[in-house]
1. Quick one: if you take sqrt(5λ) for each eigenvalue of the C-alpha gyration tensor of region 128-256, what semi-axes come out, biggest first, whole angstrom?
2. So which lysines can LYS110 reach, going by Cα to Cα under 26 Å and dropping same-chain residues fewer than 8 places off?
3. Rounded to the nearest Å, what's the spacing between the alpha carbon centres of region 258-286 and region 114-137? Just the number, please.
4. Rolling a 1.4 angstrom probe over the protein chains, ignoring ligands and nucleic acids, what is the accessible area of VAL125 in square angstrom, nearest 10?
5. Rounded to the nearest 10 degrees, what's the angle between the helix 86-97 long axis and the longest principal axis of the chain, both from Cα atoms, 0 to 90?
6. Keeping all protein chains in place and using 1.4 angstrom, which order do LYS431, LYS179, LYS338 fall into by accessible surface area, from largest down?
7. For the chain, what is the accessible area per residue in Å², given a 1.4 Å probe and the full set of protein chains?
8. Out of residues 5 or more away from ALA355 or on other chains, whose amide H comes under 5 Å of its own, with H placed 1.01 Å from N in the peptide plane?
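The values are calculated or read from the model by the stated rules, or taken from the named source; none is laboratory data. Keep in mind it's a predicted model, so treat the numbers as computed, not measured. In this analysis, Cβ positions are derived from the backbone assuming ideal geometry, glycine residues included, and neighbour counts consider all displayed protein chains. These accessible areas exclude ligands, DNA and RNA; they are computed on the full protein's heavy atoms, side chains included. Shrake-Rupley method; radii C 1.70, N 1.55, O 1.52, S 1.80 Å.
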Amino acid sequence: MSDDAISPLSGMLFLGGELTPGAGERITVENPATGEAIGEIAQATPTDIDRAVSEARTAFREWSRVTPHARAKALHRLGELIAADADGMARIMTLEQGKPLNEARGEILKLAEACHFYAEEAVRVHGEIVPNDKPGFQSLVVREPIGVVGAITPWNYPAELIGWKLCASLAAGCTIVIKPAEITPFTALAIARKVSDAGFPEGAVSVLTGKGSIVGQALVEHPDVDKIAFTGSSAVGLHIQQTCPRIKRLSLELGGNCPMIVTATADLDMAVAGATRRGFRNMGQICIAINRIYVERSIYENFIAALAKSADALVVGNGIEAPDADVGAMASAEPLTKTREHLADALDKGARLLAGGAAPEGEAFARGHFFRPTAVADCTHEMKVMIEETFGPLVGIAPFDTLDEAIALANDTPYGLASYAYTRDLFEVQKISAELDYGNVAINNVDAGIMNAPYGGRKQSGVGYEHGREGLLEYFNFKHVRLFHGVS
Ligand code: NAD
């Protein structure tokens, strides 16, 4: 059953500055809360891909020469258009992704904020004059936009994860071809519709829908795409790195397995609230979700009792009908299956079920991908929940005796995206922030990423940064101009 918000976007690509019906293979898109078909995507064909890249190249010649002030103006306009239609765009996101409407609306407003942030940064990109070893010379280091960007994005934050790439590219003077996740294409097309109203050059932004292994891979291999900005799993990120057939810039924002340490000096209520928020928000489908919690033994039983209560209190709902539910449906069957597997594995190996563990009961949940927020205690690193990314509403908890032990356990992972700690002891704060081997460390809070600080992973969690000036600089080449002027 198609929805009025979705039907104008169903089967469309965004090419040449407008929505265009696609001719490729059709793939059905479902509402994960009901299992109903809400529309379909048309897989971009090789001709569509070549057209998007070639138009992006043509648009790049114009856009890279436009003044930063003009680029900023267009981005501010884009931010205003997106914010003005936050309700409509949120509905599209909830229908395809499952998160509650209010949360989807918040994400759309953060996308608008990203437009304004990068608009402001666009006019602050400056070069340097570097001292020389001989008189009469001057060295200028200038920053030039990279060119055509291929952006490949996942489904968990269908607006923001496009937005950071889109806004930084356009602010820098790059042009961009976006390949959104198969299950959340309509948010991407809804964003593109705003791009056409904001007045960017035709072809500066395109959206190509379809399978990652076909459309995404074609962008990775395309000789005229200068950079791939990818957010997704570590496995696909590695595959992209290994199969990219030519030298090109890669930013890879990948998976995580994020720890939280709670010491005996922590404010217990704050720690429980933080664990609940970052463990279960968006049904745990967040790269920076808390997957595992290490709690100092003297407060362990108090902590797990409080977390169980807090997890049980979360309201699960159909995101459209219950806009203010705490969590909605999971985005598809795949992460739900993995969550169940990780839970069964933990229980088999001796974990204690504290909360959740099953789908909510009732007709309203019968056809969607629903699950109760779930916590298990007494976990070990033999259990998948403690060593793999679950990407679902499941948190494993274990006690520790010394801070060194907790830090060693927290670092015992191939990932390095985000980590968390609750403590009120200054020594512990300093030791934890220095020794956790992660790109992001949040202490006494769980919002590891903010718009004006760099956000990126280490180890198998990726290379490159989004957010902040560092996020913008990912879209530039540096050029050194060494000039002899003869004035000594
Ligand atoms: P995924 O890797 O399966 O897919 C991501 C995107 O890559 C999709 O658009 C997909 O179609 C495309 N893709 C798949 N195969 C491809 C190929 N061979 N070539 C090019 N593109 C291809 O990830 P997902 O399941 O959509 O998202 C969940 C993952 O994303 C989790 O691991 C999560 O941690 C990660 N993630 C990371 C961040 C971050 O900032 N580090 C943010 C959000 C999500």
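1. Values: eigenvalues 183, 74, 33 Å².
One finds semi-axes of 30, 19, 13 Å for region 128-256.
2. LYS73, LYS99, LYS165, LYS179, LYS194, LYS227
3. Taking the Cα centre of region 114-137 as reference, the centre of region 258-286 is 40 Å away.
4. Near enough 40 Å² of accessible area.
5. Roughly 60 degrees, rounded to the nearest 10.
6. Working: LYS431 40, LYS179 5, LYS338 75 Å².
The most accessible residue leads, giving LYS338, LYS431, LYS179.
7. Working: 18950 Å² over 488 residues.
The answer is 39 Å² per residue.
8. Placed amide hydrogens put ALA375 under 5 Å from ALA355.
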